[in-house]
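See below for the structure under consideration.
FYI, it's all coordinate maths here, none of it is from the lab. All of these numbers come straight from a predicted model, not from anything done at the bench. We place every Cβ from the backbone using ideal geometry, glycine too, and count neighbours over all the protein chains shown.
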Amino acid sequence: MGNGLVKDIWVLSKRSVLTTLRSPFSFIPNLLISTFFLLVYDSGLSGISQLPAFDGANYLAFILPVSVVSAAIGGAGGAGQGIVKDIENGFFSRLLLTPASRLSIVLGPIIAGMLQLFVQTILILIVAFLMGLEVATGFLGVLVVLLLAVGWGLAFAGYSAGIALKTKNAQAAQAGTLIFFPLIFLSTTFVPYELIESSWLKVAATINPTTYIFESMRTVLIDGWKFWGIAKGIIAIMIACAITITFAALSAKKAVSRG
Amino acid sequence: MVKGTIYVEHLSKIFKKGNVQAVKDVSFAVEEGEFFAFLGPNGAGKSTTVQIVTTLISPSAGKVYVAEQDVLTNPKGVREHIGVALQETGIDPSLTGREMLHLQCRIFGFTNKQAKLRTSELLEVVQLREAADRICGNYSGGMRRRLDLALTLVNKPKILFLDEPTTGLDPSNRKSIWNYLHRLNKEEGTTIFLTTQYLEEADTLADRISIIDDGEIVATGTPQELKAQIGNDIIAMNFENEGEAEKAEAAITQNMPGTDFVKRSTELNLYVQNGTKRLMEIVRLLDQENLAPQTINVNTPTLDDIFLKITAESEQKRGGVEHG
């Protein structure tokens, strides 16, 4: 009786996906807001791309990463929400009472969250293309943007799942995601680094990992294959994932252990 | 094949939070095919015991073997052979009943085809076939309980653990759950460990009952044995003041030696075999002594009475309540 780890993960991820699809309001608002960002910022601010610091870049390509990252955060937050819901309705305990691998019980909602944000990112990219997006690195570049979004989402998913498993409280998990929201704006959100006036925001943007994600995506979308520009974001993702996934694993270990 | 036995020795659980000792040196053994009940009030330690023996939490001390597997060292081995329905149902409200059962089957290693078959079997057993394709978030309390029970049966467990499975259910749902459990135990030979607050439930279903109070087992026996221990009837009297109650107590000790009773402030409870007959004697005796209780009733024993008596006995050991 029982399964291998892979089948456990497969079965439980499938169920988490189904659960997500059954409550469309868990992801539709997030998707709408992210698309809204894209439309409004592009329509309202695209004039500033005339400034020399933009180097003739298309503002749509410049602002697209903001929309993608905000969707990723919302999507990844879903992983934590899913776990909290399971704990609250007793389903988490029911799973713990089965021979299912402990890892798969925690990984199921996280994988579903990743899939959710993968699909969201594709939808946003489609909207961007409909708005006239041109990508310097072509199709491969779009894939890189997608992977960066998923990678950054995974870092958030680890964080939100960690909070969920630690607090077992829906409000706390929600609030935990909110802390990351300002990070989108304390960065090179609307203009390049050189155009940021206030020194505190410059400092914030420098230490904010989101800045490097934006930079990576913008490099691919606007500048072309420039190694260092792309690598910065990947390094930021790796560091963030190492921290948040360790946090999630430790919280998970505590939550599934028999204290 | 492993046997559906439960063996618990000197089990204790101390929760560090609040430094509460929820289970105190509890030992018991359940044989294969036996229907065993833990009877006790809220907070007696029933749920904690269930959570320990079903691998959810670990004991502070003691040995626990379920289905011949050590709960501490081989929890997965235990989980494969047991079915557990906790006090709160464990259902994902966004799935349908059928999907929940199918998922549970898949987790236990069934192929898709086997899972389909087992799912429709179980839907039939718990009479949820018609509601099978509805989202279970919309099920009534009774339907949820039945689905939860079906989920615990997926792996044809050797041992079924049920933590207060009928609390909060209406009589008809309670009866139908009793029927399933009775059938499972008698026809399939499933060992059942049930916790309950209801004497009637333990009495109807269980082969053997342990009464648990404040983390300790205070009595164990067949329902008949336990009832015999307390007598068939209770004559309950309430006096105007404690002095009168004490006088009555003295009169009964003197004139009716061997009568089993418990006195608590102005109340005096007599445990007797034939209440109506003894009532006359008591009234006559009290009359002679010029004592008149404010109320006097003949009751059949309830869980409360058994508790009153048993806890009074353990208090008496510590030098508390007087006892005849």
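For chain B, take every pair of Cα atoms, bin their distances at 10 Å starting from 0, and report each bin as a whole percent.
Percent of Cα pairs in each bin: 6, 23, 27, 20, 13, 8, 3, 0.
Using only Cα atoms, what Kirkwood radius does the stretch A:1-91 have, in angstroms?
Result for the stretch A:1-91, one decimal place: 16.0 Å.
How much net charge surrounds residue B:102 when only other residues with a Cβ under 13 Å from its Cβ are counted (Lys, Arg +1; Asp, Glu -1)?
With Lys, Arg at +1 and Asp, Glu at -1, the net is +3.
Looking at the square roots a ≥ b ≥ c of the eigenvalues of the Cα gyration tensor of the stretch A:202-242, which shape do they give, rounded for a/c under 1.5, prolate if a/b is larger than b/c, or oblate? Present the calculation step by step, with values, prior to reporting the outcome.
Working: a/c = 2.57, a/b = 1.36, b/c = 1.89.
Cα axes put the stretch A:202-242 in the oblate bin.
So for B:25, B:203, B:163, A:86, fewest C-beta neighbours within 10 Å to most, what's the order?
B:25, B:203, B:163, A:86
Based on alpha-carbon centroids, what's the gap between the stretch B:74-124 and the stretch B:1-73 in Å, whole number please?
The stretch B:74-124 and the stretch B:1-73 have Cα centres separated by 23 Å.
Magnitude of the Cβ-charge dipole of the protein assembly as shown, K/R +1 and D/E -1, about the Cα centre, nearest 20 debye?
Once rounded to the nearest 20, the dipole reads 2140 debye.
What list of ³J(HN,Hα) couplings, whole Hz, do you get for the stretch A:235-243 from phi and the Karplus terms 6.51, -1.76, 1.60, once you set θ to phi - 60° and write x for glycine and proline?
So the Karplus estimates, Gly and Pro as x, are 5, 4, 5, 5, 5, 4, 4, 4, 6 Hz.
Would you look at the GNM of chain B, springs on alpha carbons closer than 10 Å, and say which of B:243, B:77, B:97 moves the most?
Ranking B:243, B:77, B:97 by mean-square fluctuation puts B:243 first.
Per residue of the stretch B:67-72, in order, report the coupling 6.51 cos²θ - 1.76 cosθ + 1.60 (Karplus, θ = phi - 60°) as ³J(HN,Hα) in whole Hz, putting x for Gly and Pro.
With the stated coefficients, the stretch B:67-72 comes to 6, 6, 10, 6, 4, 6 Hz.
For the protein assembly as shown, what is the per residue volume of the convex hull drawn over the alpha-carbon atoms, in cubic angstrom?
Once divided by residue count, the hull of the protein assembly as shown is 195 Å³.
Return the calculated 222 nm mean residue ellipticity for the protein assembly as shown, to the nearest 500 deg cm²/dmol, obtained by summing -39500 (n - 2.57) across DSSP H runs with n ≥ 4 and dividing by the residue count.
Helix contribution divided over all residues of the protein assembly as shown: -18500 deg cm²/dmol.
Give the separation of the Cα centroids, the stretch A:153-226 to the stretch B:189-231, in Å.
So the separation of the two Cα centres works out to 59 Å.
Got a sec? Which residues in the stretch A:80-108 would a label at residue B:15 touch, if it sits 7 Å along Cα→Cβ and we count backbone N under 19 Å?
A:87-94
Hey, could you grab the Kirkwood Rh for the stretch A:5-256? Inverse mean 1/r over distinct alpha carbon pairs, Å, one decimal.
Numbers: mean 1/r = 0.0537 Å⁻¹.
After inverting the pairwise mean of 1/r, the radius is 18.6 Å.
Kirkwood hydrodynamic radius, the stretch A:1-45, all distinct C-alpha pairs: what's the number in Å?
Values: mean 1/r = 0.0758 Å⁻¹.
Every distinct Cα pair counted, the radius reaches 13.2 Å.
Please rank B:207, B:305, A:8, B:170, fewest neighbouring Cβ atoms within 10 Å first, as an exposure proxy.
The most exposed by this proxy come first: B:170, B:207, B:305, A:8.
Under Stokes-Einstein, with the Kirkwood radius over Cα pairs standing in for Rh, what whole-number D in µm²/s applies to the stretch B:231-317 at 10 °C and 1.306 mPa s?
Roughly 123 µm²/s, to the nearest whole number.
Using 7 Å Cα-to-Cβ label points, what is the residue B:204/residue A:225 separation (nm, one decimal)?
7.5
Which entries of B:17/B:46; B:13/B:227; B:113/B:186; B:63/B:309 have Cα-Cα distances beyond 24 Å here?
Numbers: B:17/B:46 18 Å; B:13/B:227 30 Å; B:113/B:186 29 Å; B:63/B:309 30 Å.
Correct reply: B:13/B:227; B:113/B:186; B:63/B:309.
Let me know the number of lysine pairs in chain A closer than 13 Å at the Cα, not counting same-chain pairs under 8 apart.
Taking chain A as the scope, the lysine pair count is 4.
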